[in-house]
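Undergrad: This structure is in structure tokens; I'll ask about it shortly.
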Amino acid sequence: MFKLDDNLLKELGLGNLPAEEKNKMLAHIYETLEMRVGMKLAERMTNEQLDEFEGFIDKNDEAGALKWLETNFPNYKQVVAEELEKLKAEVKQAAPQIIAASQEAQQLPPEQPAA
């Protein structure tokens, strides 16, 4: 399907971020994508479907949740792809500011512990 990895960050103009910031950015992209896809699918669910799906989420049953989605929303992968493209466009547009902020943060002296 798709991979959230260093190649994605390069594609988005964030290949020069330090490793720690790359990991944070990938986690942020994943969490944002998950939330947006969840919201988009929730709009299409009945209350009963929402309760069923939330049951899998509450139990951290990712495999069950995916199987449920495949059964009840066979086009969910298309929703994921559409939301990922929107998110990629947003991140790509913000990439220069993200890189600049990262460079500024690297130049600041380390914080001294409060006395």
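The values are calculated or read from the model by the stated rules, or taken from the named source; none is laboratory data. This is a predicted model, so every value here is computed, not measured. As a convention, Cβ positions derive from the backbone with ideal geometry for all residues, glycine included, and neighbour counts pool all protein chains shown.
Conditions tested, residue by residue: (1) closer than 21 Å to E104 by Cβ; (2) modelled with pLDDT under 95; (3) in a loop (DSSP other than H, G, I, E, B).
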position: K3; (1), (2), (3): no, yes, yes
position: N7; (1), (2), (3): no, yes, no
position: G15; (1), (2), (3): yes, yes, yes
position: I57; (1), (2), (3): no, yes, no
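Undergrad: Quick check on N7: is it closer than 17 Å to V91 by Cα and loosely packed, with under 12 Cβ neighbours inside 10 Å? Don't jump to the end; show me each part of the working.
TA: Numbers: closer than 17 Å to V91 by Cα: yes; loosely packed, with under 12 Cβ neighbours inside 10 Å: yes.
So N7 passes the test.
Undergrad: If we scan the stretch 21-39, do we find a residue that is more than 14 Å from the chain's Cα centre (by Cα), surrounded by fewer than 14 Cβ atoms within 10 Å (Cβ to Cβ) and in a helix (DSSP H, G or I)? Please lay out each step first, then the result.
TA: Within the stretch 21-39, the first condition is being more than 14 Å from the chain's Cα centre (by Cα), and the residues that meet it are 21.
Those still in the list that are surrounded by fewer than 14 Cβ atoms within 10 Å (Cβ to Cβ) too: none.
Looking for residues that are more than 14 Å from the chain's Cα centre (by Cα), surrounded by fewer than 14 Cβ atoms within 10 Å (Cβ to Cβ) and in a helix (DSSP H, G or I), one finds none in the stretch 21-39, hence no.
Undergrad: Just checking, how many residues over the stretch 66-86 are of a type outside the set (K, R), outside any loop (DSSP other than H, G, I, E, B) and surrounded by fewer than 17 Cβ atoms within 10 Å (Cβ to Cβ)?
TA: So the answer is 8.
Undergrad: Here is a further query. Considering only the stretch 41-51, I want to know if a residue exists there that is under 26 Å from D5 (Cβ atoms) and of a type in the set (A, V, I, L, M).
TA: Of all residues in the stretch 41-51, those under 26 Å from D5 (Cβ atoms) come to 41.
Keeping just the survivors that are of a type in the set (A, V, I, L, M) gives 41.
Checking the stretch 41-51: at least one residue is under 26 Å from D5 (Cβ atoms) and of a type in the set (A, V, I, L, M).
Undergrad: Check K92 against each of (1) of a type in the set (K, R); (2) surrounded by 12 or more Cβ atoms within 10 Å (Cβ to Cβ); (3) within 12 Å of the chain's Cα centre (by Cα) and name the one condition it does not meet.
TA: Exception for K92: condition (3).
Undergrad: Among (1) in a helix (DSSP H, G or I); (2) surrounded by fewer than 15 Cβ atoms within 10 Å (Cβ to Cβ), where does Q49 come up short?
TA: Only one criterion in (1) in a helix (DSSP H, G or I); (2) surrounded by fewer than 15 Cβ atoms within 10 Å (Cβ to Cβ) is unmet by Q49, namely (2).
Undergrad: Sticking with this structure for a sec: Of the residues E20, E83, which is without any contact (Cβ under 8 Å) to a residue 12 or more places away in the chain and either of a type in the set (D, E, K, R) or touching a Lys or Arg at 6+ places or on another chain (Cβ under 6 Å) (or both)? Let's see the steps before the verdict.
TA: Details: E83 fails: without any contact (Cβ under 8 Å) to a residue 12 or more places away in the chain.
Sole residue among the options that is without any contact (Cβ under 8 Å) to a residue 12 or more places away in the chain and either of a type in the set (D, E, K, R) or touching a Lys or Arg at 6+ places or on another chain (Cβ under 6 Å) (or both): E20.
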